[in-house]
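The values are calculated or read from the model by the stated rules, or taken from the named source; none is laboratory data. The structure presented is a predicted model; accordingly, all values stated were derived computationally and were not measured. As a convention, Cβ positions derive from the backbone with ideal geometry for all residues, glycine included, and neighbour counts pool all protein chains shown. Only protein heavy atoms, including side chains, enter the accessible area calculation; ligands, DNA and RNA are left aside. Shrake-Rupley method; radii C 1.70, N 1.55, O 1.52, S 1.80 Å.
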Amino acid sequence: MNYLPVFVNLRSKFVLVVGGGIVSERKIQLLLKAGAKVNVLSDNLSPNLILLKEQNKIIWINDKFHEKYLKKIYLVIAATNNEILNQKIFEIANKKFILVNVVDDLEKCSFIFPSIVDRSPIIVAVSSSGTAPVLSRLIREKIEAILPFKLGNVANLAGKLRNTVKNFFLNCSDRRYFWEKIFNGSFVNYVLHNNLKLAIQNFYSEMKNDSTLHGELILVGAGPGDLGLLTLRGFQVLQQADVVLYDYLIQRDMLNLVRRDAQCICVGKRVNDKKSWNQKDINNLIVELVMKGKKVVRLKGGDSFIFGRGGEELEAIKKIGGNFQVVPGVTAAIGAASYAGIPLTHRQYSQNLFFVNAYSHDFSNVIACLSLSKLSYTIVIYMGRTKCELIVTTLNNHSFSIKTPIAVISQGTTMKQQVLIGTLSNLVELINQSTSPTILIIGKVVYFHDKLKWFNDINK
Ligand code: SAH
């Protein structure tokens, strides 16, 4: 971290701005908003600054810079186009331990101004540490778009109710749960629509309901790899979790999205891995944590209900009468096919879609049924790597042509995605060239990859 973001209280503090032009104006507006007493040192003032002077909002010192003007000054901004003068101001201020910012000269700044989203008292500051100001501005614009204009009113009202909550919930995590519920519920909408009466009613009724708080299990589908495929809802609940239980398929970067003081535990299962967790132990751990009142996020690759045993974990919680929610995710078939430019259905070539698990006892029966049908279809095979010889034999035995088109996609949607197109005749070879995890797509639609591939192309 090149800079430590802090919010400085400038109320009634003296600050000095050297320079009276348009650049100064922008900084002065900000300083005035923060309640600072602004001295402007310059031999002339822009029309807007003259106006501020006439309104007694700034103090104009019509003189050349001199060290004496730094007396009792908390921070100084040099906004002149005289490089020698800027350098001098920087050096003197540093010697006196006064915070200094020479506008547009990073080397001569002991602090920098971030891009700001102002929903006072909520303030969001974004900075690229001076490396890419346009990028931080674009990020700011995105945040501007998602934060309601009157969000400050929500924070103000919550501030007034804070003591009430403190006295009602003695335990710190009970208070946090309560506030999360309030900020995720109707309270916010009522305030945003200026209906304070209903907001306060909602607040007290939630308070009564929540005097005994329960733990909860939230199954979250993390998507197949690309962090951007986590849903907004998935992101929100990661921010609320006390404990996150995750699998090997989860990208480590995703754990950075978890609330900082939450506990993250890997409960991954892998064939032939001694440290591997079994499903019973995972279920027991979930039940134990939920019974202790924890909000447990179970983060699973893809979607929890597609070959993810999510249902079994919910059943375990249901058995003890616990609370749960499910947040869907993008399953590997959908994610990998999209990023490979393979439309899984197509009016001409494939009207039906089957997701098949190569480990299933029914695998050979499923293939037998499909081979007998007159349907046009695509088959997506999950967990096919270690079963590839079985897949080839089974398809051969059920009269699939050796020319049947197959795509082997490994590490789909990640920067390491690899797409290999072949046929049943060279499937084993292709799988040997690929890395785990791997998904197989069988059907004519795989030929679209050549025409519609986009992901590796842009990332090469
Ligand atoms: N619940 C998961 C599937 C778990 S089974 C989902 O909905 O996606 C694990 C299998 O998913 C792997 O063996 C592999 O076949 C497939 N898989 C998961 N992530 C993948 C990825 N990024 N690329 C290719 N296949 C993937």
**Q.** Spatial extent of segment 334-458: Rg and Dmax, with the Cα atoms as the point set, Å
**A.** 13.5, 41
Q: Go through Leu99, Val15, Ala241 and say which Cα lies farthest out towards the positive end of the charge dipole of the chain; charges sit on Cβ, +1 for Lys and Arg, -1 for Asp and Glu.
A: Val15
Q: Return the tail of the calculated pair distribution for segment 148-210, meaning the percent of Cα-Cα pairs more than 16 Å apart.
A: 38
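Please get the size of the charge dipole for the chain, origin at its Cα centre, with Cβ charges of +1 on Lys and Arg and -1 on Asp and Glu, quoted in debye to the nearest 20.
1060
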Q: Tabulate in residue order the Karplus-calculated ³J(HN,Hα) for segment 382-387, using 6.51 cos²θ - 1.76 cosθ + 1.60 with θ = phi - 60°, rounded to whole Hz; enter x for Gly and Pro.
A: 8, 6, x, 3, 6, 10
Q | Shape call, segment 271-397: gyration tensor on alpha carbons, a/c limit 1.5 | A | prolate
Q. Are there chymotrypsin sites (Phe, Trp or Tyr not before Pro) in segment 187-285 that DSSP marks as loop and that have at most 15 other Cβ atoms within 10 Å, and which are they?
A. Tyr248
Q: Counting residues in segment 213-330 as N, plug N into 2.2 N^0.38 Å and put the Cα Rg over that result.
A: 0.96
Q. Around Val380, what is the net charge, scoring Lys/Arg as +1 and Asp/Glu as -1 over all other residues with Cβ under 15 Å from its Cβ?
A. +2
Q. Rounded to the nearest 5, what is the percent of antiparallel bridges among the DSSP beta bridges in segment 334-458?
A. 70
Q: Please report how far the C-alpha centroid of segment 189-247 lies from that of segment 412-427, rounded to the nearest whole angstrom.
A: 38
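Could you tell me the convex hull volume per residue, in Å³, taken over the Cα atoms of segment 30-171?
193
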Q | Debye equation applied to the C-alpha atoms of segment 61-119, log10 I(q)/I(0) at 0.21 Å⁻¹ | A | -0.79
Q.
Starting from a Cα-only point model with no solvent, please compute log10 I(q)/I(0) by Debye for segment 14-113 at q = 0.13, 0.19, 0.23, 0.25 1/Å.
A. -0.38, -0.84, -1.27, -1.52
Q) What area, in nm² and to one decimal, does the C-alpha convex hull of the chain cast on average over all directions? A) 30.8
Q | Formal net charge of residues neighbouring Ser436 (Cβ-Cβ distance under 14 Å; K, R +1; D, E -1) | A | +3
Q: Report, as a whole number in µm² per second, the diffusion coefficient that Stokes-Einstein gives for segment 264-344 at 10 °C and 1.306 mPa s using the Kirkwood radius over alpha carbon pairs.
A: 111
**Q.** 26 Å Cα-Cα reach of Lys318 towards lysines, excluding residues that sit fewer than 8 places from it in its own chain
**A.** Lys181, Lys208, Lys269, Lys280, Lys292, Lys294, Lys295, Lys300
Q. Given H placed on each backbone N at 1.01 Å, which residues far from Tyr377 in sequence or on other chains put an amide H within less than 5 Å of it?
A. Gln351, Asn352
Q) For segment 402-447, which whole percent of the accessible surface, found with a 1.4 angstrom probe, sits on carbon and sulfur atoms? A) 55
Q. Given the C-alpha centroids of segment 59-87 and segment 315-335, what is the distance between them in whole angstrom?
A. 61
Q: With a 1.4 Å probe and every protein chain left in place, work out the accessible area per residue of the chain in Å², rounded to a whole number.
A: 56
Q | Signed unit charges on C-beta, dipole axis of the chain, positive-most listed residue Ser373, Ile116, Ser436 | A | Ile116
Q. So, counting K/R as plus one and D/E as minus one, what does the shell of residues with Cβ under 9 Å around Asp43 add up to?
A. 0
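What fraction of the Cα pairs in segment 194-261, stated in percent, has a spacing above 15 angstrom?
Tail fraction, whole percent: 63.
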Q: Mind pulling the per residue volume of the convex hull built on the Cα atoms of segment 99-167? Å³ is fine.
A: 114
Q.
For the chain, what does the helix formula give at 222 nm: sum of -39500 (n - 2.57) over DSSP H segments with n ≥ 4, over the residue count, nearest 500 deg cm²/dmol?
A. -11500 deg cm²/dmol
Q) Sorted by average packing, counted as other Cβ atoms within 10 angstrom per residue and highest first, what order do 107-117, 364-374, 221-231 take? A) 221-231, 107-117, 364-374
